[in-house]
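A.B. asks: Pasting a structure here, questions to come.
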Amino acid sequence: MNQIWLDELREFIAIPSVSADPAHLDDVRRAAEWVRDFVKRTGGEAELLRRGERDLVIGDIPANANGAAPTVLLYGHFDVQPPAPLELWETPPFELVERDGWFYARGIADDKGQLYTLLKAAQLLREDGALPVNLRIACDGEEEIGGHSIVDFIRDDDRGADACIIFDGGMTRPEQPEFGIATRGLVGFHLKVRTGERDMHSGYYGGAALNAIHVLMQALSAVAARDGLLPDELRIGRTPLSAAETASLENLPAGAEILHEAGATPLDPKAEDEFYDRTWAEPSMDVNGIHGGKPGLVNTTLVVEAEARFTIRLAPGQDPATIAAAAEKLIRQAVPETARVDLEVENSAAPGVFSPDSPVIKLGMEAFERATGVPPLLVRVGGTLPIYPALAEKGIPTIGTGFALRESNVHSPNERLRVEDVDRAVSAASELYRSLAALG
Ligand SMILES: [Zn+2]
């Protein structure tokens, strides 16, 4: 690889921009400055913008051609996960090391290495006088800790953009790029049940007094899946898989294989066959923790206090407030009126969904095919990424993709990215910039 790229990447990686650790606050800022300075060296303008506790980098790299060119937003994050446990790393986490065709370092795949490729491609085109789109840079240093500044910035930025590119993802199979065009949302609940003043003797009161754990079980059962699917009231508003998304399934590992690899027990007999439908186009409910009674001790208590936390992942298309209200109604109907049941929505995030037919996705697919030789698959993301719905609300079609592999050890020791994929990502980014010029 080109020595200049290597030096730049090494320098960026060497900044331990761990957002979760207050001791590294200055390093997160140094990483922000690194991005800002790179944009400036490329002939653009950029500044650190403080909205919450950490800085965003907001900037612009103008197209070389005069006149109206479309604007493409570039998002990436310059913070990284903590490297612990350090003893499992074969080489120091913040030292870029090349070994057996891979680059090893914290942040090389998630996301500093990938962000670097977007910036490098911009710089190369700009220096050649061939950058055909205006690039707007919007990067954050709090992605790994769920920061909101970038989402607020996008919501408030009235300038909008014609498209957005995010390289912060990966490929399920090494030579098969993917565009993620939808994400699931999330509603998190805290459920508390009280049925009396103090715990009781189950011999004296059992059979006559209400047990809080039983009420908790009734409440949770009311919103749990039956035969693999949530109650119909919680399935309202789903956007089913498009033909293009369904076609992608031919080229992805079978659901049975994915569940087996994870050591999972299938939810029901149809779960393996319906894996992608279930995780991409259906809501799901998981109880994340339960507290009640004294399960560690032999005892005969009739329990009057119990609590649970549970989350509903929303399918693309669903509305958090509607589903939260429907869940509350199901729970109220299922529990005895005499129990005191408090249900609190603690957090929520909307799902995001982009049309597979948008010109941005079509141009992006052509660009990727030119750069990598393979047309990308259109897929969904079962997880929740608040930037997606924010971009969707603003009408900014988004190409969410990337080059991390399942073997890239993202969020784990020995994080890595294939050396060849750095070149591939730079050429994919420059093909994208060229292609998206057609939006103008
Ligand atoms: Zn990331």
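The values are calculated or read from the model by the stated rules, or taken from the named source; none is laboratory data. Owing to the predicted nature of the structure, the values given are computational and were not obtained by experimental measurement. Cβ: placed from backbone, ideal geometry, glycine included. Neighbour counts: every protein chain shown.
A.B. asks: Looking at the stretch 391-405, which of the residues that are among the small types (Gly, Ala, Ser) and either without any contact (Cβ under 8 Å) to a residue 24 or more places away in the chain or surrounded by fewer than 24 Cβ atoms within 10 Å (Cβ to Cβ) (or both) is nearest to Pro62 (Cα to Cα)? Before the answer, list the steps.
C.D. replies: Here is the first cut: in the stretch 391-405, the residues among the small types (Gly, Ala, Ser) are 392, 395, 400, 402, 404.
Right, trim to either without any contact (Cβ under 8 Å) to a residue 24 or more places away in the chain or surrounded by fewer than 24 Cβ atoms within 10 Å (Cβ to Cβ) (or both) and you get 392, 395.
Details: Ala392: 24, Gly395: 22 Å.
In this case the residue turns out to be Gly395.
A.B. asks: Continuing with the same structure: Pull up the stretch 211-236, narrow it to residues that are without any contact (Cβ under 8 Å) to a residue 24 or more places away in the chain and part of a helix (DSSP H, G or I), then point me to the one that is nearest to Pro336 (Cα to Cα).
C.D. replies: Of all residues in the stretch 211-236, those without any contact (Cβ under 8 Å) to a residue 24 or more places away in the chain come to 214, 217, 226, 232.
With part of a helix (DSSP H, G or I) added as a condition, the list becomes 214, 217, 232.
On the way: His214: 10, Met217: 12, Asp232: 22 Å.
Checked the stretch 211-236; the qualifying residue nearest to Pro336 (Cα to Cα) is His214.
A.B. asks: Only residues in the stretch 106-121 that are among the charged types (D, E, K, R) count as the first member; pair them with residues that are in a helix (DSSP H, G or I), Cβ under 7 angstrom, at least 6 apart or cross-chain, and list the lot.
C.D. replies: Lys112/Phe12; Lys112/Ile13; Lys120/Trp5; Lys120/Val426
A.B. asks: With (1) within 16 Å of the ligand (Cβ to nearest atom); (2) within 19 Å of Pro386 (Cβ to Cβ); (3) not charged (D, E, K, R) as the list, and Ile58 as the residue in question, which single condition is left unmet?
C.D. replies: All conditions pass for Ile58, except number (1).
A.B. asks: Okay, next question. Looking at Gly76, is it within 16 Å of the ligand (Cβ to nearest atom), part of a strand (DSSP E or B) and in contact (Cβ under 8 Å) with a residue 24 or more places away in the chain? Full working, then the answer.
C.D. replies: Values: within 16 Å of the ligand (Cβ to nearest atom): yes; part of a strand (DSSP E or B): yes; in contact (Cβ under 8 Å) with a residue 24 or more places away in the chain: yes.
Here the answer is yes, as Gly76 does meet what is asked.
A.B. asks: Give Ala69, Ala121, Ala130 a once-over and let me know the one that is away from the ligand (no atom under 16 Å from the Cβ) and under 28 Å from the mean Cα position of the chain (by Cα).
C.D. replies: Of Ala69, Ala121, Ala130, the one residue that is away from the ligand (no atom under 16 Å from the Cβ) and under 28 Å from the mean Cα position of the chain (by Cα) is Ala121.
A.B. asks: Determine, yes or no, whether Ala243 is at negative phi, under 23 Å from the mean Cα position of the chain (by Cα) and exposed (fewer than 15 other Cβ atoms within 10 Å of the Cβ).
C.D. replies: Details: at negative phi: yes; under 23 Å from the mean Cα position of the chain (by Cα): no; exposed (fewer than 15 other Cβ atoms within 10 Å of the Cβ): yes.
It is false that Ala243 is at negative phi, under 23 Å from the mean Cα position of the chain (by Cα) and exposed (fewer than 15 other Cβ atoms within 10 Å of the Cβ).
A.B. asks: Quick check on Gly147: is it closer than 20 Å to Arg50 by Cβ and modelled with pLDDT of 95 or more? Spell out how you get there, then give the answer.
C.D. replies: Working: closer than 20 Å to Arg50 by Cβ: yes; modelled with pLDDT of 95 or more: no.
The answer is no for Gly147.
A.B. asks: With respect to Phe94, determine if the residue is of a type outside the set (D, E, K, R) and either surrounded by 22 or more Cβ atoms within 10 Å (Cβ to Cβ) or more than 25 Å from the chain's Cα centre (by Cα) (or both). So that I can check it myself, show each step before the final result.
C.D. replies: Numbers: of a type outside the set (D, E, K, R): yes; either surrounded by 22 or more Cβ atoms within 10 Å (Cβ to Cβ) or more than 25 Å from the chain's Cα centre (by Cα) (or both): no.
No.
A.B. asks: Also: Here is a list of conditions, (1) under 26 Å from Asp162 (Cβ atoms); (2) surrounded by 15 or more Cβ atoms within 10 Å (Cβ to Cβ), and Ala14 meets all of them except one; can you say which number that is?
C.D. replies: Checking Ala14 against (1) under 26 Å from Asp162 (Cβ atoms); (2) surrounded by 15 or more Cβ atoms within 10 Å (Cβ to Cβ), the one that fails is (1).
A.B. asks: Which count do you get for residues in the stretch 153-172 that are within 16 Å of the ligand (Cβ to nearest atom) and charged (D, E, K, R)? So that I can check it myself, show each step before the final result.
C.D. replies: Of the residues in the stretch 153-172, the ones within 16 Å of the ligand (Cβ to nearest atom) are 164-171.
Those still in the list that are charged (D, E, K, R) too: 168.
Selection size over the stretch 153-172: 1.
A.B. asks: Assuming Ile290 fulfils every condition listed in (1) crowded, with 18+ Cβ neighbours inside 10 Å; (2) in a strand (DSSP E or B) apart from one, which condition is it?
C.D. replies: So Ile290 meets the others, but not (1).
A.B. asks: How do the pairs read when you match residues in the stretch 186-210 that are farther than 30 Å from Ala350 by Cβ with residues anywhere that are basic (Lys, Arg) and modelled with pLDDT of 95 or more, using Cβ under 8 Å and keeping only pairs 6 or more apart or on different chains?
C.D. replies: What qualifies is Arg194/Arg340; Thr195/Arg340.
A.B. asks: Restricting attention to strands (runs of 3 or more DSSP E) lying wholly within the stretch 88-199, give those where 2 or more residues are among the basic types (Lys, Arg). Write out each step before concluding.
C.D. replies: Details: elements: 97-99, 102-104, 134-140, 163-167, 178-183, 185-194.
Result: 185-194.
A.B. asks: Search the stretch 138-150 for residues that are on the phi < 0 side of the Ramachandran plot and pair each with any residue that is within 11 Å of the ligand (Cβ to nearest atom) and assigned to a helix (DSSP H, G or I) when their beta-carbon atoms are under 8 Å apart and the residues are at least 6 apart or on different chains.
C.D. replies: Listed pairs, sorted by first residue: Cys139/Leu115; Ile150/Glu143; Ile150/Ile387.
A.B. asks: Can you work out which of the residues in the stretch 307-333 that are of a type in the set (Val, Ile, Thr) and in a helix (DSSP H, G or I) is farthest from the chain's Cα centre (by Cα)?
C.D. replies: Residues of the stretch 307-333 of a type in the set (Val, Ile, Thr): 311-312, 322-323, 331.
Subset that is in a helix (DSSP H, G or I): 322-323, 331.
Values: Thr322: 22, Ile323: 21, Ile331: 29 Å.
Checking each candidate, the answer is Ile331.
A.B. asks: Let me ask something else. Restricting to the stretch 173-205, name every residue that is more than 16 Å from the ligand (Cβ to nearest atom) and acidic (Asp, Glu).
C.D. replies: Matches in the stretch 173-205: Glu175, Glu197, Asp199.
A.B. asks: Using beta carbons and a limit of 6 Å, which pairs, at least six apart or on different chains, have the first residue in the stretch 406-433 and under 19 Å from Glu366 (Cα atoms) and the second one within 15 Å of the ligand (Cβ to nearest atom) and assigned to a helix (DSSP H, G or I)?
C.D. replies: Final answer for the pair search is Ala425/Thr117; Val426/Thr117; Ala429/Thr117; Ala429/Leu118.
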